[in-house]
Amino acid sequence: MIEATDTITVIEGYDAIRVFLEAVWRRHGRPVEQIAFLLGSLKWADGTPVDPTTWQDWQAAVQMAMSAGSCKIAAGR
């Protein structure tokens, strides 16, 4: 079981959000085309995401999250 204090790599985090979005997409019967489009761009192809911009966006999000600190993120700020 994972704990709230466990850490993962940036790549594992990227894959985690992809898996999370796919689970939400499936739960809602796949009606949301925007999530499907995003999921397609997050998939790996030849060692990089299909849409390299998503990786850059992910890295920026990680940097912002790290800068904000986990307390602010947990509080929804």
### Query
Distance in nm between label sites at residue 67 and residue 7, each 7 Å beyond Cα in the beta-carbon direction?
2.0 nm
### Query
How far apart, in nm, are two points set 7 Å out from the Cα along the Cα-to-Cβ line at residue 50 and at residue 27?
2.3 nm
### Query
Given 0.36 nm per residue, what is the gain on full extension from residue 57 to residue 41 after removing their alpha carbon distance, in nm?
4.6 nm
#### Entry: Shape category assigned to region 1-60 from the gyration tensor of Cα positions, a/c cut at 1.5
oblate
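All of the numbers you see were taken from the coordinates with simple rules; none came from a lab. Here the structure is a predicted model, which means the values were calculated and not measured. Cβ: placed from backbone, ideal geometry, glycine included. Neighbour counts: every protein chain shown.
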